[in-house]
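A short write-up of the structure that comes next.
The values are calculated or read from the model by the stated rules, or taken from the named source; none is laboratory data. This is a predicted model, so every value here is computed, not measured. Note that each Cβ is placed from the backbone with ideal geometry, even for glycine, and that neighbours are counted across all protein chains shown. Just so you know, the surface numbers come from the protein's heavy atoms only, side chains and all, with ligands and any DNA or RNA stripped out. Shrake-Rupley method; radii C 1.70, N 1.55, O 1.52, S 1.80 Å.
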Amino acid sequence: RREPAVRLQHGASGLEPLAWSEDHRVSVSTARSIAVLEQLSDVHSGGQDMVIHRTAVPAPATACTLKVGPKKEVAECKEKFASSVDPTVSQMFMLDRVFNPEGKSLTPMRGFKYSSWSPLGCDANGRCLLAALTMDNRLTIHANLNRLQWVQLVDLTELYGERLFEASYRLCKADAPCGELGDFPEFQRRHSMQTPVRMEWSGICTTQQVKHNNECRDVGSVLLAVLFENGNIAVWQFQLPFLGKESITSCNTIESGISSPSVLSWWEYEHNNRKMSGLIVGSAYGPVKIIPVNLKAVKGYFTLRQPVVLWQEMDQLPVHSIKCIPLYHPYQKCSCSLVVAARGPYVFWCLLLISKAGLNVHNSHVTGLHSLPIVSMTADKQNGTVYTCSTDGKVRQLIPIFTDVALKFEHQLIKLSEVFGCVRTHGIAVSPCGAYLAVITTEGMVNGLHPVNKNYQVQFVTLKTFEEAAAQLLESSVQNLFRQVDLTDLVRWKILKDKHIPQFLQEALDKKIESCGSTYFWRFKLFLLRILYQSMQKAPSEVTWRPSHEDAKILISDSPGMGSTEDDQEEGTSKQASKQSMGDTGKGVDIDDTAEDSLHQSSDAGGREPMVEKLLEIQAQIEAVEMHLTREHMKRVLGEVYLHTWITENTSIPTRGVCDFLMSDDGYDDRTARVLIGHILKKMNKQTFPEHCSLCKEILPFTDRKQAVCSNGHIWLRCFLTYQSCQSLVYRRCLLHDSIARHPTPEDPEWIKRLLQGPCTFCDSPVF
């Protein structure tokens, strides 16, 4: 069990209420909003609990009414159907919440039915977008641009309704003219063709865009497939980064031919550098099949010639959830796709493999898992492990094992009652790297009685040990700490508990640094040292944000020879708290400042004890690693300057200052840096292009990587991505408050804008 348990303000709603994004945010669909829990691996906190940043996407205040015709005509038809003498018409109309979303005498249809996260790199900050479907069938896309507030970018239900209205509710011009809205079957058809059931994002693909000068450039795009009640699928194509309505490239509608569709998933397969895609659709009656998707102008994609039926029996077992997992077949020596679907209490699986004979399909069912229907299913895409749960608090772990022909599953029972006590489960989701399992729980039965009140909570369970997480971080192909926050959080928890870095991890990391020298391993080392530093510090005796009502003890602190007293310690604590609050509002808490404060306090208390010596040693190691990472990034910036500037061009980057800073340390001997600096200085031809203070026009010398101070004492913070001085009141910060960066300006060239899009050089976090 991993603390804390997050209590929800409202009950969970929808069929799959829990989803975990690639950028480590958990969305929980509730009756009034989508609660978003963002997991952070905070290096500035000494607490052992998981650090969670909580936001919410509120439900719309007004009900969603689908556009089926002119407003006046729709109002007349509704009145006609409500007062019809035929009870099969009037009762069906009055009780159908799609026709009557406002409900009148019925309970309001508030809350969310489903939510889906896009891949990483889709919004303006390079993070995930959230597609949300409300109970009254409104499909919207939201982005979290400033960390505190979610912004609705587009309402796809409204846009799709307008498209259908303009096309007279026909998918193509060859279709027969539609009937009159006054006919109840036609009224039902128009609602059914725009009532969303599920929506799913594809992976990021590349399209070619033709410029005005007839040149082609590659543009990233993403697809959102929306499954409707009548079996149609709308495939929206968005240009990245997605900013709103203007980023919509196209919308194509596909007829799946499946009656009573219930679930949707993308099938993306790569074989011999050829990518294929399709849409897996499941029905409430049982069948599952793949629908071809023709991706026009998408680079490197091919499509199926005809639909592929994975399961055709109409056995009345509804398909509740579908997951598609790309795997490598060790016997066939090729890639394959594993499709798993929850059907009642069973798991249907299908192995898709392309050989010389064509597409091979192997399928079967896994039985004996649950005594109740499966309410939620999730999959770890790194190793193919599947997790299912039923309402009785039992979770099954299914591990695929390949055989010569197909595969088999080994499954084991995870009893949540041993972790949380007697609980009911409503949804599960696994973290991107498979370190945690998030579970929505309520109280179970006690002495055969149901609880009086239901308290919905999101709780976390570890699925990996510290050793497994450390090994995965060392052998990672991603080489990005931010994308592996769940693994780094396990490592952080272990170090904070044991107050030391395990010897095997230190030795393995030092070997990696010596062998390849990648900055990823240096950032990992910096992360470990920072956590170790936090574990060595004493927890404050009082809450730092709480104001002190005691009088200031100036005379005692100023009197000579008094030594260290409790009053001095209290004053030091208040000074540290005030300094921290000032830093949070201004420049942020710097690890060097907090280190100096704690060290001065410790040395005043009892001299240079072994703990103080240890803290000083760790602090020196942190500064050395930070300086190494800074120098490596400076070399990258200078490389960009050399490639993109002419001899006498006045670049806004303080090139001469960066060169002098790199060469100022006699102990730093990097031949690559010296050669690069020599070429740049030859290009500059003795020109310096210094920065000037915007307040007094004095020269800003480059003596510090964090800030610039002019001769009149004006202090400007430096951008950690370009090392320019941020001479404005508005700038950006990384997610963990490590560094600051300036905003791009219209006059910046493209190569500077690319530099400003980079993550933090210390922790890989995105910048806001």
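Considering the stretch 372-414, the residues that are in contact (Cβ under 8 Å) with a residue 40 or more places away in the chain, in a loop (DSSP other than H, G, I, E, B) and of a type in the set (A, V, I, L, M, F, W, C) include one that is farthest from VAL263 (Cα to Cα), namely VAL405.
Would you point out which residue out of TYR285, TYR328 is in contact (Cβ under 8 Å) with a residue 12 or more places away in the chain and of a type in the set (Phe, Trp, Tyr)? It is TYR285. Checking each residue in the stretch 58-75 for being part of a loop (DSSP other than H, G, I, E, B) and open to solvent by less than 40 Å² (accessible area, probe 1.4 Å) picks out ALA59, CYS64, LEU66, VAL68, GLY69.
The numbered conditions (1) farther than 30 Å from ASP183 by Cβ; (2) not in a loop (DSSP other than H, G, I, E, B) are all true for LYS78 except (1). Against the numbered list (1) more than 24 Å from GLY434 (Cβ to Cβ); (2) at pLDDT 95 or above; (3) charged (D, E, K, R), ARG523 comes up short only at (1).
Checking each residue of the stretch 310-322 against the condition of being within 16 Å of TRP201 (Cα to Cα) and surrounded by 18 or more Cβ atoms within 10 Å (Cβ to Cβ) gives at least one match. Answer yes if at least one residue in the stretch 38-53 is under 30 Å from HIS24 (Cα atoms), open to solvent by 50 Å² or more (accessible area, probe 1.4 Å) and either among the β-branched types (Val, Ile, Thr) or more than 35 Å from the chain's Cα centre (by Cα) (or both), and no otherwise. No; the residues of the stretch 38-53 include none that is under 30 Å from HIS24 (Cα atoms), open to solvent by 50 Å² or more (accessible area, probe 1.4 Å) and either among the β-branched types (Val, Ile, Thr) or more than 35 Å from the chain's Cα centre (by Cα) (or both).
Residues that are in contact with a helix residue (DSSP H, G or I) (Cβ under 6 Å, 6 or more places away or on another chain) and assigned to a loop (DSSP other than H, G, I, E, B) do not occur anywhere in the stretch 668-684.
Could you grab me the full set of residues in the stretch 657-669 that are of a type in the set (D, E, K, R) and without any contact (Cβ under 8 Å) to a residue 40 or more places away in the chain?
If the condition is that a residue be of a type in the set (D, E, K, R) and without any contact (Cβ under 8 Å) to a residue 40 or more places away in the chain, then ASP665, ASP666, ASP669 are the ones that fit.
In the set (1) open to solvent by 30 Å² or more (accessible area, probe 1.4 Å); (2) free of Cβ contacts under 8 Å to residues at least 40 places away in the same chain; (3) more than 28 Å from the chain's Cα centre (by Cα), the condition left unmet by ARG274 is number (3). Scanning the stretch 503-540 for residues that are in a helix (DSSP H, G or I) and exposed (fewer than 12 other Cβ atoms within 10 Å of the Cβ) yields a count of 5. The sole residue among THR688, THR703 that is in a loop (DSSP other than H, G, I, E, B) and open to solvent by less than 80 Å² (accessible area, probe 1.4 Å) is THR688.
Cβ separations smaller than 8 Å between residues 6+ apart or across chains give no pair from the stretch 151-164 residues that are within 16 Å of CYS128 (Cβ to Cβ) and part of a helix (DSSP H, G or I) to residues that are open to solvent by 10 Å² or more (accessible area, probe 1.4 Å) and among the polar types (S, T, N, Q). Candidates ARG492, ARG483: the one that is of a type outside the set (A, V, I, L, M), touching a helix residue (DSSP H, G or I) at 6+ places or on another chain (Cβ under 6 Å), in contact (Cβ under 8 Å) with a residue 60 or more places away in the chain and surrounded by 17 or more Cβ atoms within 10 Å (Cβ to Cβ) is ARG492.
Going through the stretch 326-345 one residue at a time, which ones are within 20 Å of SER265 (Cβ to Cβ), hydroxyl-bearing (Ser, Thr, Tyr) and either touching a Gly at 6+ places or on another chain (Cβ under 9 Å) or part of a loop (DSSP other than H, G, I, E, B) (or both)? None - no residue of the stretch 326-345 is within 20 Å of SER265 (Cβ to Cβ), hydroxyl-bearing (Ser, Thr, Tyr) and either touching a Gly at 6+ places or on another chain (Cβ under 9 Å) or part of a loop (DSSP other than H, G, I, E, B) (or both), so the list stays empty.
Considering the conditions (1) at pLDDT below 85; (2) open to solvent by less than 40 Å² (accessible area, probe 1.4 Å); (3) of a type outside the set (Asp, Glu); (4) more than 27 Å from PRO400 (Cα to Cα), ALA297 is excluded by exactly one of them, (2). The requirement of being at pLDDT 90 or above, out of contact with any Cys (no Cβ under 8 Å at 6 or more places or on another chain), open to solvent by less than 30 Å² (accessible area, probe 1.4 Å) and of a type outside the set (Lys, Arg) is not satisfied by GLY103.
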